[in-house]
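The values are calculated or read from the model by the stated rules, or taken from the named source; none is laboratory data. Since this is a predicted model, take the numbers as computed values, not measurements. Virtual Cβ from ideal backbone geometry, glycine too; neighbours counted across all protein chains shown.
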Amino acid sequence: MTENVTNIVIAGLGGQGVLKASDILSEVVFHAGFDVKKSELHGMSQRGGSVSSEVRFGEKVLSPMVPAGEADYLVVLATDQVENNRQVLRNEGVLITPDDIDDGKLPNKRSVNVALLGVLSRHLDLKEEDWLKAVRDNLPEKLHDVNKQAFALGRETRKKEKEEKKREE
């Protein structure tokens, strides 16, 4: 993290919920008391093309743009977009992809964005209830239950990874 600013890039294809995921993330960090800036690159989003959103937060954030090679986290919603976006990730950065969750357990395949936020949430010191509130605030009521389940799946996936690493050490 550069100068107490956390840099996160969320990338995927149009229609996958990249912008919705960045809205949820931005709301969580804002309500946690951080200065937050967000930028979006829509590209050919209406035709299933590449879309990305950058979220930066910390004590004081001057620009919404994540400098190349300085993203602390890269959350990619479509596996084929990893190589298109890898250059934004710093050397010690964390890559989060759909491979990090068991999509067979997703209650709705369209909730992969929220499931990956669940994985991301395990890396950030932000309250789980704040994440769930932001999910509720940003999605229609009829989608609350499936997205709550998706978020929990992502959080649980990350928890299992940590437990496996401890056993290996």
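Go through the range 82-112 and give me each residue that's more than 25 Å from V146 (Cα to Cα) and assigned to a helix (DSSP H, G or I).
Keep residues of the range 82-112 that are more than 25 Å from V146 (Cα to Cα), which gives 82-94.
Residues satisfying the conditions are V82, E83, N84, N85, R86, Q87, V88.
Contact annotation: residue pairs with Cβ atoms under 7 Å, 6 or more positions apart or on different chains, pairing a residue in the range 54-70 that is over 16 Å from R90 (Cα atoms) and buried (at least 20 other Cβ atoms within 10 Å of the Cβ) with a partner that is modelled with pLDDT of 95 or more and polar (S, T, N, Q), are F57/T6. Scanning the range 93-125 for residues that are among the polar types (S, T, N, Q), at pLDDT 95 or above and over 14 Å from I24 (Cα atoms) yields a count of 1. Of all residues in the range 56-85, which are closer than 20 Å to V114 by Cβ and among the hydroxyl-bearing types (S, T, Y)? Of everything in the range 56-85, those that are closer than 20 Å to V114 by Cβ and among the hydroxyl-bearing types (S, T, Y) turn out to be Y73, T79.
For the subset of the range 120-145 comprising residues that are in a helix (DSSP H, G or I), touching a Ser or Thr at 6+ places or on another chain (Cβ under 9 Å) and touching a residue at least 40 places away in the same chain (Cβ under 8 Å), which member is surrounded by the most Cβ atoms within 10 Å (Cβ to Cβ)? Before you say what the answer is, go through the steps one by one.
Within the range 120-145, the first condition is being in a helix (DSSP H, G or I), and the residues that meet it are 120-121, 128-138, 141-145.
Narrowing the set further to residues that are touching a Ser or Thr at 6+ places or on another chain (Cβ under 9 Å) leaves 128, 131, 134, 143.
Those left that are additionally touching a residue at least 40 places away in the same chain (Cβ under 8 Å): 131, 134.
On the way: W131: 24, A134: 22.
Only one residue fits best here, namely W131.
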